[in-house]
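The values are calculated or read from the model by the stated rules, or taken from the named source; none is laboratory data. Predicted model, so just to flag it, every value in this text is computed and none were measured. All Cβ positions, glycine included, derive from the backbone under ideal geometry; neighbour counts span all protein chains shown. Each accessible area value is taken on the protein alone, full model and side chains, heavy atoms only, with ligands, DNA and RNA left out. Shrake-Rupley method; radii C 1.70, N 1.55, O 1.52, S 1.80 Å.
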Amino acid sequence: MRYLIQTWGCQMNTHDSEKLSGILEELGYAPAESVPQADVLLLNTCSVREKAEEKVFSHLGALRRLKEQRPGMIIGLCGCVAQQEGEGIFRRSGLVDFVLGPRAIASLPSILEEVQTHRNRPMDLGRRDDSIRFDGARARRAPGTKAFVTIVEGCNKACTYCIVPTTRGREISKPAGAILRESAALAEQGYREIELLGQNVNAYRDGDVRLDGLLRMLQHIEGIRRLRFTTSHPAHLSIDIMRAMRDCPTVCNALHLPAQSGSDTVLARMQRGYTRLRYLDRIERLRTLVPDIALSSDIIVGYPGETPREFEESLLFLREIEFDQLYSFIYSPRPQTGAATEEDGVPMAEKEARLRELQSLQQGIQRKKNRSLIGKEVEVLVDGLSRQGQLKGRTRTNRVVNFDGDPSWVGEFVSVRVEAAGPNSLEGHRIARVGS
Ligand code: SAM
Ligand code: SF4
């Protein structure tokens, strides 16, 4: 019996797919090379923006012919669309055999058995703590250099545009002991980098252990040379976390800190819980403690009622901070969120024009920042081959670097001299292998 999982969305979903793979392999399934070969096909979905959700249903439409030819093939719909739509999925698509929410991952064996023995169309949207209790060591991670470890599930914030609290539920942290054991096992398996995951990872709490304490504990795991954590919420980025970033040699000098907007009035309408000045203050402190920190962020353009002036404030904010990388999106109304009912007089064409303007400004900033690295030496963890057949990897600041070298160096640290730079990546020449 063979399985295939198709994944949309964030790192958390990627890691959830690794957990689902682990469970299926424990049940004796082997990975399929392509969709037509799969006996079980799981669609692990994202519903953060409407487009991601639409993609899932159009993808399901494209599977109709295959399912007619192979009626025994089981199709499971997992992830945030599953949680959001629940029973509605069965009405929308006759192809789906079961629905499994992101908190119900551990129920996959029983739900599969129910489909196979009773030919029911079961659904499990899970309990609050099911997913965090899942032993991450059972996940079937892709072989490589970097592994994800979930430390916080759910989110207690109430950002008005965001569906995550509805789909992923209330915040819950994984016990520190379990995180340390999982990380030690990953080091044993040869992973050199760990990325700790949570929708609001800064809210991590296990008794007295907060994120800063956890980062310090993880320093003792031999073999783990790089540690990252995402996603940080600006209102929860404490001085203690910044100090841990400064003190812990394995914590990378890179931070993703989504701002969402540079306008105080929009931030207030979004209920983000900070102002532009407070965000700038956090960054100033962080840059003082970790001077070579690389910062990335998320910005939403065209939030309901965003005025030209409010948009200008976001542009000004980007010029002021000069992020090393930015993800920007047009606001997408989501069901059961506060913003979806807000008056929005901004036409889509105007939102698209704003997004283009913001992205072009950011591209210029990134090109300038990356060019300033030409001639410098960077440490690259090689994670694979580029499409052009060069080695590719990332710096500690999370920049992509391509350079010529031997494919046997994948998984190793290499010192590279930067020779050319575009807005999204660097080109370089290797100086020395630093080891694995
Ligand atoms: N928990 C993280 C945070 O607080 O930033 C990330 C949540 S979400 C998966 C990732 C990004 O998607 C957000 O930072 C936001 O910029 C964007 N996003 C979320 N909801 C959105 C919406 N309704 N429309 C457009 N972008 C959205
Ligand atoms: Fe969504 Fe806000 Fe929670 Fe991030 S912090 S997941 S944007 S509600």
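List of remarks:
- Criterion: in contact with a Ser or Thr (Cβ under 8 Å, 6 or more places away or on another chain) and surrounded by fewer than 20 Cβ atoms within 10 Å (Cβ to Cβ) - qualifying residue of 55, 51: 51
- For region 194-222, the set of residues classified as open to solvent by less than 30 Å² (accessible area, probe 1.4 Å), within 23 Å of residue 145 (Cα to Cα) and more than 16 Å from ligand 2 (Cβ to nearest atom) consists of 194, 195, 214, 215, 218, 221, listed by residue number.
- Qualifying positions in region 350-382 - open to solvent by 60 Å² or more (accessible area, probe 1.4 Å) and closer than 30 Å to residue 194 by Cα: 359, 363, 367, 368, 371, 372, 374, 376, 377
- Members of region 323-350 that are over 15 Å from residue 266 (Cα atoms) and over 22 Å from the mean Cα position of the chain (by Cα): 336, 341, 347, 348, 349, 350
- Residue in region 391-404 that is in contact with a Pro (Cβ under 8 Å, 6 or more places away or on another chain), touching a residue at least 12 places away in the same chain (Cβ under 8 Å), open to solvent by 60 Å² or more (accessible area, probe 1.4 Å) and within 16 Å of residue 430 (Cβ to Cβ) present: no
- When residues of region 33-51 are limited to those that are of a type outside the set (D, E, K, R) and in a loop (DSSP other than H, G, I, E, B), the one farthest from ligand 1 (Cβ to nearest atom): 34
- Of all residues making up region 292-304, the number that are out of contact with any strand residue (DSSP E or B) (no Cβ under 8 Å at 6 or more places or on another chain) and within 18 Å of residue 366 (Cα to Cα): 1
- Residue-level check: of (1) among the acidic types (Asp, Glu); (2) at pLDDT 95 or above; (3) within 16 Å of ligand 2 (Cβ to nearest atom), residue 53 misses just (2).
- Answer residue from region 260-271, given it is in contact (Cβ under 8 Å) with a residue 12 or more places away in the chain and more than 11 Å from ligand 2 (Cβ to nearest atom) and is nearest to residue 337 (Cα to Cα) among those: 269
- Qualifying residue in region 250-259 (condition: open to solvent by 10 Å² or more (accessible area, probe 1.4 Å) and away from ligand 1 (no atom under 16 Å from the Cβ)): yes
- Subset of region 142-178 [of a type in the set (Val, Ile, Thr), within 12 Å of ligand 1 (Cβ to nearest atom) and within 24 Å of residue 207 (Cα to Cα)]: 152
- Residue match in region 183-191 (condition: surrounded by 21 or more Cβ atoms within 10 Å (Cβ to Cβ), within 28 Å of residue 331 (Cα to Cα) and in contact with a Lys or Arg (Cβ under 7 Å, 6 or more places away or on another chain)): no
- All positions within region 313-349 that are within 16 Å of ligand 2 (Cβ to nearest atom), open to solvent by 70 Å² or more (accessible area, probe 1.4 Å) and farther than 16 Å from residue 298 by Cβ: 336
- Residue check for residue 144: among the small types (Gly, Ala, Ser), more than 12 Å from ligand 2 (Cβ to nearest atom) and under 18 Å from the mean Cα position of the chain (by Cα): yes
One line per residue, one yes/no per condition, for (1) farther than 28 Å from residue 340 by Cβ; (2) buried (at least 18 other Cβ atoms within 10 Å of the Cβ); (3) among the β-branched types (Val, Ile, Thr):
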site: 12; (1), (2), (3): no, yes, no
site: 18; (1), (2), (3): yes, yes, no
site: 30; (1), (2), (3): yes, no, no
site: 37; (1), (2), (3): yes, no, no
site: 42; (1), (2), (3): yes, yes, no
site: 47; (1), (2), (3): no, yes, no
site: 62; (1), (2), (3): yes, no, no
site: 71; (1), (2), (3): yes, no, no
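- For region 152-169, the criterion of being more than 19 Å from residue 84 (Cβ to Cβ), outside any helix (DSSP H, G or I) and not small (Gly, Ala, Ser) is satisfied by at least one residue.
- Candidate set from region 117-146 (those that are in a loop (DSSP other than H, G, I, E, B) and charged (D, E, K, R)); member that is surrounded by the most Cβ atoms within 10 Å (Cβ to Cβ): 141
- Members of region 263-278 that are more than 13 Å from ligand 1 (Cβ to nearest atom) and not charged (D, E, K, R): 263, 265, 268, 275, 277
- Among strands (runs of 3 or more DSSP E) entirely within region 314-422, having at least 1 residues that are modelled with pLDDT of 95 or more and among the charged types (D, E, K, R) singles out 377-385, 391-394, 413-421.
- Filter result (away from ligand 1 (no atom under 16 Å from the Cβ) and either open to solvent by 50 Å² or more (accessible area, probe 1.4 Å) or on the phi > 0 side of the Ramachandran plot (or both)) within region 223-239: 223, 225
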